[in-house]
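Written below as structure tokens is the structure these notes are about.
The values are calculated or read from the model by the stated rules, or taken from the named source; none is laboratory data. All values derive from a computational prediction rather than experimental measurement. Every residue, glycine as well, gets a Cβ built from its backbone with ideal geometry; the counts of neighbours run over all protein chains shown.
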């Protein structure tokens, strides 16, 4: 099953023009908003590698400092989709367009967020806890920002 998920994830982003950093911003924002400590640590670490640990920690804490306008819009959209997708408005989608996202990218971003929510739901339902090695390998600011969900 995990192999099928990995293939689906790889297929989804294979032809996307969304950058690795944008994908990491969305997963970190989604995991934090969903309260999934496992994915927040893993993707917070990935985002720290693609930016820096302060930026990654800020995204995990719901702050969009040191992000481009486009990245900040994707982080906000991630939180919107997690918090209440039914409350999303045309104005919210227009905000994504204003920062340069095309229709295909908006669809891909939304699908990516939904897929990550599904995976976080599976983690949570099955009681997945971050591996101690994962927590220890995460930068200190990222570890400090993940104070939600199941702990190691």
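Structural remarks
- Set side by side, the residues 74, 8, 67 differ, and just one is touching a residue at least 40 places away in the same chain (Cβ under 8 Å) and surrounded by fewer than 16 Cβ atoms within 10 Å (Cβ to Cβ), which is 8.
- When 56, 37 are checked against the criterion of being at pLDDT 95 or above and either crowded, with 21+ Cβ neighbours inside 10 Å or more than 14 Å from residue 116 (Cβ to Cβ) (or both), 56 stands alone in meeting it.
- Number of residues in the range 88-97 that are surrounded by fewer than 13 Cβ atoms within 10 Å (Cβ to Cβ) and part of a helix (DSSP H, G or I): the value is 3.
- Residue under evaluation residue 89, criteria (1) on the phi < 0 side of the Ramachandran plot; (2) in contact (Cβ under 8 Å) with a residue 12 or more places away in the chain, criterion not met: (2)
- Which listed residue is touching a helix residue (DSSP H, G or I) at 6+ places or on another chain (Cβ under 6 Å) and within 24 Å of residue 144 (Cβ to Cβ), from 74, 67: 74
- Check on residue 100, free of Cβ contacts under 8 Å to residues at least 40 places away in the same chain, closer than 15 Å to residue 22 by Cα and either within 15 Å of the chain's Cα centre (by Cα) or part of a loop (DSSP other than H, G, I, E, B) (or both): yes
- Within the range 104-152, the only residue that satisfies the criterion of being on the phi > 0 side of the Ramachandran plot and either modelled with pLDDT of 90 or more or buried (at least 17 other Cβ atoms within 10 Å of the Cβ) (or both) is 149.
- Here residue 19 meets the list (1) over 24 Å from residue 85 (Cα atoms); (2) surrounded by fewer than 24 Cβ atoms within 10 Å (Cβ to Cβ) almost entirely, failing just condition (1).
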